[in-house]
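One structure is given below, encoded as structure tokens.
The values are calculated or read from the model by the stated rules, or taken from the named source; none is laboratory data. These figures come from a predicted structure and were not determined experimentally. Please note: Cβ atoms are built from the backbone with ideal geometry, for glycine as well, and neighbour counts cover all protein chains shown.
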Amino acid sequence: MRYLVAVFFFAFAGCIDAIGPLDPEVGEPLVARCSNVYSDPDNDVSFSLDILPMINGATAQPGCIGCLSPEADDPIGFEITGLNLSSFSTLNNGGINSLTNIVIPGSPCESIVWQKVSPGPPFGSRMPFNGPPFWNAEARRLLADWIAEGARDN
């Protein structure tokens, strides 16, 4: 038995030498890491003028309101999650499973609403549910900036 362990150890050690370090170069990250830093402190982001139109689908971004509002034609997202994105107050109420951290003022990285429109959310599907298309990097940055500056009802 000791002989087998020794052979395995030396064989494995030889593999490590052959492939180099245990942290191989895998290339550049596909997506930038989340940052809670406000990217453009000289420009305020308005919920009513910038964020709500994206949620409503009134911009080039696919909207969320098509399934996350009780008034939607197909309110499946609202029915399943209880999350209503039709206004600032209902957004902040969260849903059935996200009562406290749907939006964490100052912390987009911990805010579920930002996580869900970003590539590879930590749970469930990326939103909007019927995507692609999904929100582009500029729209996600605008949402992150709004949250980073305090997620105000402005």
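Worth pointing out:
- Taking the criterion of being free of Cβ contacts under 8 Å to residues at least 60 places away in the same chain and closer than 20 Å to PHE123 by Cα, the only residue of the stretch 33-54 that qualifies is ARG33.
- Residue match in the stretch 61-72 (condition: of a type in the set (Gly, Ala, Ser), outside any loop (DSSP other than H, G, I, E, B), within 20 Å of ALA139 (Cβ to Cβ) and under 19 Å from the mean Cα position of the chain (by Cα)): no
- Per-region count, the stretch 35-45, residues buried (at least 19 other Cβ atoms within 10 Å of the Cβ) and among the hydrophobic types (A, V, I, L, M, F, W, C): 1
- Residue match in the stretch 46-56 (condition: more than 16 Å from ASP145 (Cα to Cα) and surrounded by fewer than 20 Cβ atoms within 10 Å (Cβ to Cβ)): yes
- Residue list for the stretch 57-71, restricted to those being surrounded by 19 or more Cβ atoms within 10 Å (Cβ to Cβ) and free of Cβ contacts under 8 Å to residues at least 40 places away in the same chain: ILE65, LEU68, SER69
- Residue within the stretch 43-57 that is modelled with pLDDT under 90 and aromatic (Phe, Trp, Tyr) present: no
- When the stretch 78-105 is filtered for residues that are in a loop (DSSP other than H, G, I, E, B) and exposed (fewer than 14 other Cβ atoms within 10 Å of the Cβ), the ones remaining, listed by number, are ILE96, ASN97, LEU99, THR100, ASN101.
- Yes/no for ARG140 being outside any loop (DSSP other than H, G, I, E, B), out of contact with any strand residue (DSSP E or B) (no Cβ under 6 Å at 6 or more places or on another chain), surrounded by 13 or more Cβ atoms within 10 Å (Cβ to Cβ) and charged (D, E, K, R): yes
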